[in-house]
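Below: the structure, in structure tokens.
The values are calculated or read from the model by the stated rules, or taken from the named source; none is laboratory data. Note that this is a predicted model, so its numbers are computed, not measured. Cβ placement follows ideal geometry from the backbone for every residue including glycine, while neighbour counts extend to all protein chains displayed. Surface areas here come from the heavy atoms of the whole protein model, side chains and all, with no ligands, DNA or RNA. Shrake-Rupley method; radii C 1.70, N 1.55, O 1.52, S 1.80 Å.
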Amino acid sequence: MTTTIDRGAPAKPDSGRRGSHALRWWVLAVLGVAQLMVVLDATVVNIALPAAQADLGFSDGDRQWVVTGYALAFGSLLLLGGRLSDLFGRRNTFIVGLIGFAVASAIGGAATSFEMLVAARVGQGVFGALLAPAALSLLTVTFTEPAERAKAFGIFGAVAGTGGALGLLLGGMLTEWASWRWVMFVNLAFAAVALVGAVLLLAKHVAAERPKLDIPGTVVVTAALFGIVYGFSHAESTSWTNPVTLAFLIGGAALLAVFVWVETRVAHPLLPLRIVLDRTRGGSYMTVFVMGIGMFAIFLFLTYYMQLSMGYSPIKTGLAFLPMVAAMILSSTTTPSLLLPKVGPKVVVTAGFLVAAAGMAWLTRIGLDTGYTTHVLPALILMGLGLGGAMATAFQGATAGVDHEDAGVASAMINTSQQVGGSIGTALLSTIAASAASDYLSTRQPNPMAVAQAQIESYTTSFWWATAIFVVGAVLAGVLMPNKVPAPAEGELVLAH
């Protein structure tokens, strides 16, 4: 039996509606578990890479493919995954994504060779590209009442924002206390919980018409995103002037232009341009994109600093990030319901970027003999408060006012923005950090103290750049985003019980 709540209609206080209302929050829990699994995977594997490399015997040069293989598949297929969830049903796509992600994780955990591990990571990326947009679009069409929507997106945004930091902690614990293989196997537990919840709570999709897919647009945008993500990954390991890097970046950008042209001419576009041309949604995608660039500096270089300069173990490093997680959860869950209705998204996102920029600037004061409580902890709290509020607001705005049939691809755009932003941050800030270290050593004798200080210079330079990136994000938000509370998407709550 299914219970349907009309699109956008407020729930009435009768017994049937109260039952559906309660089930709605269980749906949020299921979607949150699935989202956490996908977001964790972006960082949890990084901590385990040295142990996996020692076990399977692959080279430093090959090591990047364990990360890049996932990023390429996930980033290039997200828009397709989002549209498939619109066409074939969000429940079906969500369940297929869960099962596929779990199977790929099991293969990765049991890997006996480098090739098997990379293939598993690619598989995780493919099914993650189905899973992530389906989860967000299910959230979009389930919560349409403003107060509930603000709370739900705040919680979901907190999961998305804190997953990277929690991945560092979980990766350290599993690698140190068990084996690197459990970094992959742990996904089976997440997937099992989410799968049971999806089967019990989500109703089967009944298509009103035969699905239609934009084949030309799909091929072009998949190739474009692949080229851009690979180009930035290649730049990190070679240089910005490398011919292969330039070919993929220029080719990817050209294909994106072709994609925009194609979408204006096909009958059933993969990404209707009305989705991104709306100022609220466009500003939200920009927010997540810029955050993806800047947040890389927090997780990568601060992890290096705490482990290499402060001597922290992987587990202690993960625990050191928890105040940022707590601040992000606090901000994500309170800002959408308390501040957003009063001051509007323009003010919330702009202020969030500026608070995060202040925290990042605080980190530029670190040195070889600075302490956690004076130089790291205040910065983490500021960044958690700023990014949490802006992230939750952006997640809500990214799907504001979309038609029911476009919820999946609108959700995919926010994941795509985050993934491409992260790829740019990885390449850009790694290159800047390496150049800063080289410049510092070029005028000094390379003794141990000079090498250690060169690393500090590389971190602080990256933090200054990330500060500037967040300030640019604040300016763009102030220009692009309208200051009106995002309208809910068209949606209908369909629950099985």
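Rounding to the nearest 20 debye, state how big the charge dipole of the chain is about its Cα centre with +1 on each Lys and Arg Cβ and -1 on each Asp and Glu Cβ.
920
Between helix 448-480 and the chain, what is the angle of the helix's C-alpha long axis to the longest principal axis, kept within 0 to 90° and rounded to the nearest 10?
It works out to around 30 degrees.
If you count, for each residue, the other Cβ atoms within 10 Å and average over each peptide, how do 408-420, 329-341 line up from highest to lowest?
Working: 408-420: 27.5, 329-341: 21.0.
Result, highest mean Cβ count within 10 Å first: 408-420, 329-341.
So for the pair Trp26, Val451, with labels modelled 7 Å out along Cα→Cβ, what separation do we get in nm?
Label-label distance for Trp26 and Val451, simple model: 5.8 nm.
Quote the relative contact order of the chain in percent (integer), defining contacts as alpha-carbon pairs under 8 Å separated by 6+ residues. Before the final figure, lay out each step's value.
On the way: 950 pairs, mean separation 127.0, N = 497.
In percent, rounded to a whole number, it is 26.
Rolling a 1.4 angstrom probe over the protein chains, ignoring ligands and nucleic acids, what is the accessible area of Trp261 in square angstrom, nearest 10?
140
Given R₀ = 35 Å, FRET efficiency for Ala326-Ser113 by Cβ-Cβ distance, to 0.05?
Numbers: r = 40 Å, r/R0 = 1.15.
Efficiency, from the Cβ-Cβ distance: 0.30.
Strictly greater than 25 Å: what percent of every Cα pair in region 71-214 meets that? Show your work: numbers first, answer last.
Working: 3401 of 10296 pairs.
The calculated P(r) of region 71-214 puts 33 percent of pairs beyond 25 Å.
Show me the ranking of peptides 92-99, 245-252 by mean Cβ neighbours inside 10 Å, starting with the highest. Display every interim value, and only then the final one.
Working: 92-99: 22.5, 245-252: 17.6.
Ranking, from highest mean packing down: 92-99, 245-252.
Starting from the 7 Å offset along Cα-to-Cβ, what nm value, one decimal, do you get for the label separation of Ser442 and His404?
Reported label-point gap for Ser442 and His404 is 6.2 nm.
Using 0.36 nm times the number of residues separating Val343 and Asp55, minus their current alpha carbon distance, what extension gain do you get?
Values: separation 288, 0.36 × 288 = 103.68 nm, distance 5.35 nm.
Separation in residues times 0.36 nm, less the Cα-Cα distance, equals 98.3 nm.
For region 18-98, taking Cα atoms only, what is the radius of gyration to one decimal and the Dmax to the nearest whole Å?
17.3, 57
For Met481, what is the net charge nearby, where nearby means another residue's Cβ is under 13 Å from its Cβ and Lys, Arg count +1, Asp, Glu -1? Walk me through the intermediate numbers first.
Details: positive: Arg279, Arg281, Lys346, Lys484; negative: Asp278.
That sum, taken over residues with Cβ under 13 Å, equals +3.
Report, to the nearest 10°, how far helix 15-56 tilts away from the longest principal axis of the Cα atoms in the chain, using its own Cα long axis and a range of 0 to 90°.
30
Please state the charge dipole magnitude for region 41-125, taken about the Cα centre, from unit charges on C-beta atoms (+1 on K and R, -1 on D and E), reported in debye and rounded to the nearest 20.
On the way: 5 positive and 6 negative charges, 81 e Å.
Its charge dipole is roughly 380 debye.
Send over the Kirkwood Rh of region 34-148, from the inverse of the averaged 1/r over different Cα pairs, rounded to one decimal Å.
Kirkwood radius, region 34-148: 14.8 Å.
Tell me the Kirkwood hydrodynamic radius of region 207-330 in angstroms, computed as one over the mean inverse distance between distinct C-alpha pairs.
Working: mean 1/r = 0.0555 Å⁻¹.
When all Cα pairs of region 207-330 are included, the Kirkwood radius is 18.0 Å.
Ratio of Rg to Rh for region 242-299, alpha carbon only, Kirkwood?
On the way: Rg = 15.0 Å, Rh = 13.8 Å.
So for region 242-299, dividing Rg by the Kirkwood Rh gives 1.09.
Taking every eigenvalue of the Cα gyration tensor of region 286-334, multiplying by 5 and rooting it, what semi-axes result, largest first, whole Å?
Listed largest to smallest, the semi-axes of region 286-334 are 23, 16, 5 Å.
Cα extents of region 363-497 along the three principal axes, largest first, in whole Å?
67, 39, 29
Considering the alpha-carbon set of the chain alone, what are its Rg and its Dmax in angstrom?
Cα radius of gyration and Dmax of the chain are 21.9, 77 Å respectively.
What is the local net charge at Gly283, summed over the other residues whose Cβ is closer than 12 Å to its Cβ (Lys, Arg +1; Asp, Glu -1)?
Values: positive: Arg279, Arg281, Lys346, Lys484; negative: Asp278.
Once all neighbours under 12 Å are counted, the net charge is +3.
Order 113-124, 304-315, 133-144 from most to least packed using the mean count of other Cβ atoms within 10 Å.
Values: 113-124: 20.0, 304-315: 17.1, 133-144: 28.0.
My ranking of the peptides, most packed first, is 133-144, 113-124, 304-315.
Among Gly157, Gly167, Val44, which residue has its Cα positioned farthest towards the positive end of the charge dipole of the chain, with +1 placed on the Cβ of Lys and Arg, -1 on the Cβ of Asp and Glu, and the dipole taken about the Cα centre?
With unit charges placed on the Cβ atoms, the residue in question is Gly157.
If you take the Cα Rg of region 404-471 and divide it by 2.2 N^0.38 Å, with N the number of residues, what do you get?
Details: Rg = 18.0 Å, N = 68, 2.2 N^0.38 = 10.9 Å.
Taking N as the residue count of region 404-471, the ratio is 1.64.
Using the C-alpha atoms of region 339-419, what convex hull volume per residue, in cubic angstrom, is computed? Don't jump to the answer; show the numbers that get you there.
On the way: hull volume 7.9 nm³, N = 81.
Measuring per residue, one finds 98 Å³ for the Cα hull of region 339-419.
Before rounding to the nearest 500, sum -39500 (n - 2.57) across all DSSP H runs of length at least 4 in the chain and divide by the residue total; then give [θ] at 222 nm in deg cm²/dmol. Can you show the working numbers first?
Values: 17 runs with 380 residues, N = 497.
-26500 deg cm²/dmol, from helical runs alone.
If I stretch the segment between Glu176 and Gln307 completely, what's the gain in nm (0.36 nm per residue apart, minus their alpha carbon distance), one decimal? List each step's numbers first, then the result.
Details: separation 131, 0.36 × 131 = 47.16 nm, distance 1.42 nm.
Residue separation times 0.36 nm, minus the Cα-Cα distance, leaves 45.7 nm.
In nanometres, what is the gap between the two model label sites at Leu200 and Leu377, each 7 Å from Cα along Cα-to-Cβ?
4.1
About the Cα centre of region 358-497, how large is the charge dipole given +1 on each Lys and Arg Cβ and -1 on each Asp and Glu Cβ? Please answer in debye to the nearest 20.
On the way: 3 positive and 8 negative charges, 120 e Å.
Roughly 580 debye, rounded to the nearest 20.
For helix 407-441, report the angle its Cα long axis makes with the longest principal axis of the Cα atoms of the chain; keep it between 0 and 90° and round to the nearest 10°.
That works out to roughly 10 degrees.
Tell me the volume per residue, in Å³, of the convex hull enclosing the alpha carbons of region 118-198.
Numbers: hull volume 8.5 nm³, N = 81.
Hull volume normalised by residue count: 105 Å³.
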